[in-house]
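The values are calculated or read from the model by the stated rules, or taken from the named source; none is laboratory data. Keep in mind the model is a prediction, meaning the values are calculated, not measured. Glycine gets a Cβ as well: all are built from the backbone with ideal geometry, and neighbour counts include every protein chain shown. Accessible surface areas use protein heavy atoms only, side chains included; no ligands, DNA or RNA. Shrake-Rupley method; radii C 1.70, N 1.55, O 1.52, S 1.80 Å.
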Amino acid sequence: MLSILADASSSLFFPPEQSTFAADVDGLFDFIYYLSAFFFIAIIAVMILFVLRYHRRKGHVEQPSASHNEVLEITWSVIPSILVGFIFFYGFTKYLDMREPPDNAYEIQVIAKQWSWQFIYPNGADSDELHIPVNQPVRFILQSSDVLHSFYIPAFRIKMDCVPQRYTNTWVIAKDITGEGKDNSEHKPYDLFCAEYCGKDHSRMLAKVYVHEQSDFDAWLEDAANYLEGKTPEEGGKLAFEKKGCTQCHSVTGDNSAKYAGPPLNGQWGTERSVIARGASSPENVVMDENYIRESVREPNAKVVVGRKPIMPVFTPQQLKDNEITAIIAYLKSLK
Amino acid sequence: MATITPDTQIDIGHNDDPNSNYLTSSHGFLSWAFTLDHKRIGVMYLVGIFSSFFLGGIMALLLRLHLFLPDGLFPPSIIDNDTYNQLFTLHGAIMTFLFIIPSIPAALGNFVLPLMVGAKDVAFPRMNLASFHLWVLGGIFFVIALVTTRLDTGWTFYTPYSIQTSTNVIAATIGAFILGFSSIFTGLNFIVTVNTMRPPGMSWFKMPLFMWAIYATAIIQILATPVLGITLLLLMAERILQIGIFNPALGGDPILFQHFFWFYSHPAVYIMILPAMGIISELMSVYSRKPIFGYTFIAYSSIAIALLGFLVWGHHMFVSGQSPMTAVIFSGLTFSVSIPSAIKVFNWLATMYKGNINLATPMCYALSFIFLFSIGGLTGLFLGALATDIHLHDTYFVVAHFHYVMMGGTVIAFVGGLYHWWPKMFGVMYNEMFGRLFCLVVFIGFNLTFFPQFIMGSRGMPRRYATYVPEYEIFHQLSTIGAIVLGLGMVGAVTVLIVSLFNGRKAPANPWGAATLEWTCTSPPPYYNFEHAPAVGSPYDFSDLKYDPQVGGFVKDPAAANKPKPSSHH
């Protein structure tokens with residue numbers, strides 16, 4: 001009976017349990033939930049009972065009663081103390097399990113930046129969506145390239161802040177695959193949210209989480225590492241542009257509105273742009289060419305387009321390889 | 001007049017007509033702006049904080065309306081992500097710093113506390129006035145931030161974002177810094193007043209519990225607020241001089257900022273809730289006509305909450321990257337603070353036992369408080385436990401939890417206290433039927449607004465989102481509808497009070513049959529509060545108060561006064 005009730009509370013209050021931690025977390029949640037519900041109903045029932053019995057009406061007067069009762073008061077101090085001690089104990093033992101990854105965990109580097117996620121795999125592949133193998137401990141090494149972010153996957157019940165200039169980590173074992181094969185269209189991915197407020201597009205800093213069978217994951221990983229292979233430079237550049245999160249801030253349709261933090265990039269190649277160089281107070285003109293693009297990726301705030309804020313994140317060679325920049329340049333050239 | 005001699009107080013245009021009260025004793029803007037009378041300062045605070053509440057409330061309604069649809073109800077030309085971020089930041093900052101921290105201590109406390117000790121003012125009237133002027137000055141800086149480039153850091157000013165954003169962080173932090181002094185002045189004044197000005201016969205354990213609550217609050221105000229001041233100064237220095245205290249790019253530590261910030265801001269939660277608990281203790285007793293149950297436990301629990309409240313700040317940082325050991329210690333300490341709160345709830349319930357419960361408007365708010373505060377307190381258990389907090393941290397579950405505590409707790413108690421003391425403050429009775437009706441509307445609107453947020457939060461909806469994935473839409477829509485009902489209820493509740501100023505029946509000295517000293521002077525109180533220094537009795541002994549239909553209120557029953565008193569523990 002209790003387990004049926006527990007399931008009912010979990011399905012109302014929680015997304016499905018998709019990690020090995022989730023059942024523990026939900027179990028503790030349910031325990032606190034039923035304990036709280038019991039005390040809450042008891043408190044309100046007593047309150048209503050007293051109001052009904054003792055409310056002011058003709059002929060009713062207050063009756064003497066003790067103004068304190070030490071046995072009663074100590075009882076209702078000690079019993080809640082024991083109960084919360086129990087909650088504390090379970091809360092922290094489960095938490096320690098969640099903080100201790102096994103030695104053989106598969107490691108994925110996570111870089112959070114305003115306002116996208118980048119996942120870098122041991123073979124050098126990277127992506128803006130998270131792919132992991134099922135039933136395998138996966139450890140995430142978290143870092144941030146600008147402000148605080150927080151890595152949050154509700155389906156796994158994990159969350160950890162990403163702190164600039166510091167590594168934090170969390171880990172998970174996914175219980176179920178999100179779909180068959182390596183093709184995204186066959187999957188129903190989970191949501192990955194940024195949970196620490198990080199500026200303008202905090203609420204758009206989302207990613208999808210795909211859980212694969214090991215063999216599908218290996219195939220996906222292989223393709224991801226070599227995604228530029230067999231593509232024309234323009235095609236590859238378009239892929240790179242999307243994968244690295246450039247589309248979060250740059251329109252390629254000429255949209256110059258505040259919806260995009262950066263200037264639109266289509267039809268700009270070879271034209272002059274008015275920029276403010278770092279430290280300068282007056283604008284100057286530069287031509288949008290190969291060198292300007294490269295500089296803007298590696299050192300974004302060296303020359304910022306007039307009217308835009310200096311908020312573009314730095315892309316290190318680890319995050320964006322030279323051949324990817326070359327491909328992006330080819331793509332930008334092709335944009336009308 | 002003979003027993004109380006005017007000291008060196010200088011009040012502009014004060015007249016000595018014995019029939020005048022503090023409202024009519026002098027006229028004109030200056031007689032209010034530079035008054036040293038705690039009652040007028042309390043009334044000015046009341047006007048000020050309700051203006052702030054209104055401003056913050058409008059922002060809350062805009063936020064909630066915007067969240068009616070996943071991509072926002074208003075087009076980006078009206079509310080884009082930047083505007084949304086500024087709105088929630090200023091909603092939080094205004095509600096916290098300008099409204100809820102000063103609400104009960106500075107407005108109601110200022111008015112009531114000196115009356116409760118039978119004194120003519122607080123210990124330092126000039127400092128009291130200065131605290132209000134500082135509040136206005138701090139508020140001006142917030143308005144500057146609002147009308148210039150605004151502020152988009154969240155009310156917590158977390159670094160390094162607050163160092164990098166181009167919005168007006170400096171104006172807002174100067175504002176919060178100044179408001180800190182205002183809060184410290186209020187706290188100091190209350191501590192000295194309670195310590196030195198209690199009348200003969202009012203020992204510590206014969207003080208009304210509201211005084212205990214205000215005293216415990218004042219301890220937190222003067223010990224914790226300086227830490228916020230220093231933190232904000234360091235933040236300003238960091239922004240202007242790039243020193244490298246909090247900015248990791250310069251070798252600083254952003255987690256250090258969080259420690260400093262919450263070292264103030266967690267105790268600040270108790271600055272907000274402790275006075276509310278004090279009000280509820282008064283209301284439960286007066287409207288049940290029973291001595292408060294377990295006076296000593298309630299009094300000590302206020303002090304326990306004030307002290308333990310200093311030790312739990314790290315529970316805001318369980319996922320910040322602090323060490324697991326630190327997290328475990330803070331989690332354990334956090335649970336310790338839940339016990340004194342639970343004790344109070346049980347004591348309030350026991351107070352109603354065998355009473356004669358008058359369901360007047362203030363009592364309706366008190367019962368509403370117990371319902372909402374119980375939910376707020378119990379949901380804190382989910383957040384104190386580490387394993388569940390990892391999932392719930394920074395989601396709407398937290399938003400719902402602290403609104404149940406802060407708004408369902410403090411604001412409801414504040415409004416209940418305001419209804420309770422309104423006849424004393426302005427000498428008029430309000431319409432009971434409308435008072436109770438809007439209390440019910442507020443209660444329904446409140447639960448409809450915030451209960452769905454528990455569900456969507458535990459389902460993963462992060463807080464501070466201008467847009468969201470569609471699966472949370474139904475919860476947001478319920479919440480938005482609730483917010484409109486809640487808004488109407490609050491406007492109604494305030495309107496009932498304002499209307500009473502114009503057509504309310506004249507209030508007797510003691511309309512509720514309360515036994516604390518403020519009900520022994522006329523309503524509204526005379527300029528010097530009391531014609532004669534009042535005799536101190538037990539604050540919760542109602543046996544010699546009798547309803548007199550001619551007066552429309554309670555008077556001392558001469559028959560009861562001569563009868564031997566039943567022995568009382570307090």
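One table, with the values for the structure above:
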quantity	calculated
Selected residue (criterion: nearest to A:SER145 (Cα to Cα)) from residues of segment B:244-260 that are assigned to a helix (DSSP H, G or I) and without any contact (Cβ under 8 Å) to a residue 24 or more places away in the chain	B:LEU250
Those helices (runs of 4 or more DSSP H) lying entirely in segment B:15-99 with at least 2 residues touching a Phe, Trp or Tyr at 6+ places or on another chain (Cβ under 9 Å)	B:38-66, B:81-93
Residue, nearest to A:GLY85 (Cα to Cα), within segment B:351-381, restricted to residues that are part of a loop (DSSP other than H, G, I, E, B) and facing another protein chain (nearest Cβ under 7 Å)	B:TYR353
Some residue of segment B:399-418 being surrounded by 24 or more Cβ atoms within 10 Å (Cβ to Cβ) and either out of contact with any helix residue (DSSP H, G or I) (no Cβ under 8 Å at 6 or more places or on another chain) or within 11 Å of chain A (Cβ to nearest Cβ) (or both)	no
Residue in segment B:141-174 that is farthest from the other protein chains (Cβ to nearest Cβ), counting only those that are open to solvent by less than 20 Å² (accessible area, probe 1.4 Å) and polar (S, T, N, Q)	B:THR173
Flag if B:VAL286 is more than 7 Å from chain A (Cβ to nearest Cβ) and in contact (Cβ under 8 Å) with a residue 24 or more places away in the chain	yes
Test for B:MET236: is it over 19 Å from the mean Cα position of the chain (by Cα), over 24 Å from B:LEU87 (Cα atoms) and among the hydrophobic types (A, V, I, L, M, F, W, C)	no
Filtered residues of segment A:93-111 (kept if without any contact (Cβ under 8 Å) to a residue 12 or more places away in the chain and buried (at least 20 other Cβ atoms within 10 Å of the Cβ))	A:TYR95
Given (1) in a loop (DSSP other than H, G, I, E, B); (2) more than 14 Å from chain A (Cβ to nearest Cβ); (3) modelled with pLDDT under 90, number of the condition B:PRO526 does not satisfy	(3)
Hits in segment A:268-294 (condition: more than 19 Å from A:TYR331 (Cα to Cα), aliphatic (A, V, I, L, M) and in a loop (DSSP other than H, G, I, E, B))	A:ALA280
Looking only at segment A:41-85, and only at residues there that are open to solvent by 80 Å² or more (accessible area, probe 1.4 Å) and under 22 Å from B:THR296 (Cβ atoms), the one that is nearest to the other protein chains (Cβ to nearest Cβ)	A:PRO64
Selected residue (criterion: nearest to B:GLY175 (Cα to Cα)) from residues of segment B:223-243 that are open to solvent by less than 70 Å² (accessible area, probe 1.4 Å) and touching a residue at least 60 places away in the same chain (Cβ under 8 Å)	B:LEU232
Residue tally, condition open to solvent by 40 Å² or more (accessible area, probe 1.4 Å) and either modelled with pLDDT of 90 or more or touching a strand residue (DSSP E or B) at 6+ places or on another chain (Cβ under 7 Å) (or both), over segment B:250-271	5
Single match in A:VAL304, A:VAL297, A:VAL314 (criterion: touching a Phe, Trp or Tyr at 6+ places or on another chain (Cβ under 9 Å) and either outside any helix (DSSP H, G or I) or within 17 Å of A:GLN248 (Cβ to Cβ) (or both))	A:VAL297
Scan of segment B:57-85 for residues that are surrounded by fewer than 22 Cβ atoms within 10 Å (Cβ to Cβ) and either polar (S, T, N, Q) or closer than 20 Å to B:GLY416 by Cβ (or both), ordered by number	B:GLY57, B:SER77, B:THR83
Residues of segment A:243-267 that turn out to be crowded, with 17+ Cβ neighbours inside 10 Å and polar (S, T, N, Q), as a count	1
Residue check, B:GLY460 in a helix (DSSP H, G or I), open to solvent by less than 10 Å² (accessible area, probe 1.4 Å) and touching a residue at least 12 places away in the same chain (Cβ under 8 Å)	no
Filter result for A:GLU100 (within 28 Å of B:ILE390 (Cα to Cα), among the acidic types (Asp, Glu) and facing another protein chain (nearest Cβ under 9 Å))	yes
Selection count where residues are closer than 25 Å to B:GLY460 by Cα, open to solvent by less than 40 Å² (accessible area, probe 1.4 Å) and part of a helix (DSSP H, G or I), scope segment A:201-242	2
Positions within segment A:157-176 being surrounded by fewer than 18 Cβ atoms within 10 Å (Cβ to Cβ) and out of contact with any helix residue (DSSP H, G or I) (no Cβ under 8 Å at 6 or more places or on another chain), in sequence order	A:TYR167, A:ASN169, A:ASP176
Test for A:ASP24: is it within 7 Å of another protein chain (Cβ to nearest Cβ) and open to solvent by 50 Å² or more (accessible area, probe 1.4 Å)	yes
Among (1) within 14 Å of the chain's Cα centre (by Cα); (2) within 18 Å of B:THR388 (Cα to Cα); (3) of a type outside the set (D, E, K, R) - the single one A:THR93 does not satisfy	(1)
Test: residue in segment B:175-193 that is buried (at least 19 other Cβ atoms within 10 Å of the Cβ), within 14 Å of chain A (Cβ to nearest Cβ) and either at negative phi or touching a strand residue (DSSP E or B) at 6+ places or on another chain (Cβ under 9 Å) (or both)	no
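Yes or no, residue by residue, for (1) over 26 Å from B:ILE104 (Cα atoms); (2) modelled with pLDDT of 90 or more; (3) of a type in the set (Gly, Ala, Ser):
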position: B:PRO6; (1), (2), (3): yes, no, no
position: B:ASP11; (1), (2), (3): no, no, no
position: B:HIS14; (1), (2), (3): yes, no, no
position: B:ASN19; (1), (2), (3): yes, no, no
position: B:ALA33; (1), (2), (3): no, yes, yes
position: B:GLY42; (1), (2), (3): no, yes, yes
position: B:PHE53; (1), (2), (3): no, yes, no
position: B:ALA60; (1), (2), (3): no, yes, yes
position: B:HIS66; (1), (2), (3): yes, yes, no
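Table: residues versus (1) on the phi > 0 side of the Ramachandran plot; (2) within 14 Å of chain B (Cβ to nearest Cβ); (3) without any contact (Cβ under 8 Å) to a residue 24 or more places away in the chain.
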position	(1), (2), (3)
A:ASP216	no, no, no
A:ALA225	no, no, no
A:LYS259	no, yes, yes
A:PRO264	no, no, yes
A:GLN268	no, no, no
A:VAL297	no, no, no
A:LYS303	no, no, no
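A quick yes/no check of all residues on (1) among the hydrophobic types (A, V, I, L, M, F, W, C); (2) within 16 Å of B:ILE390 (Cβ to Cβ); (3) away from chain B (no Cβ under 14 Å):
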| site | (1), (2), (3) |
| --- | --- |
| A:PHE88 | yes, yes, no |
| A:ILE108 | yes, no, yes |
| A:ILE111 | yes, no, yes |
| A:SER127 | no, no, yes |
| A:ILE153 | yes, yes, no |
| A:LYS159 | no, yes, no |
| A:TRP171 | yes, yes, no |
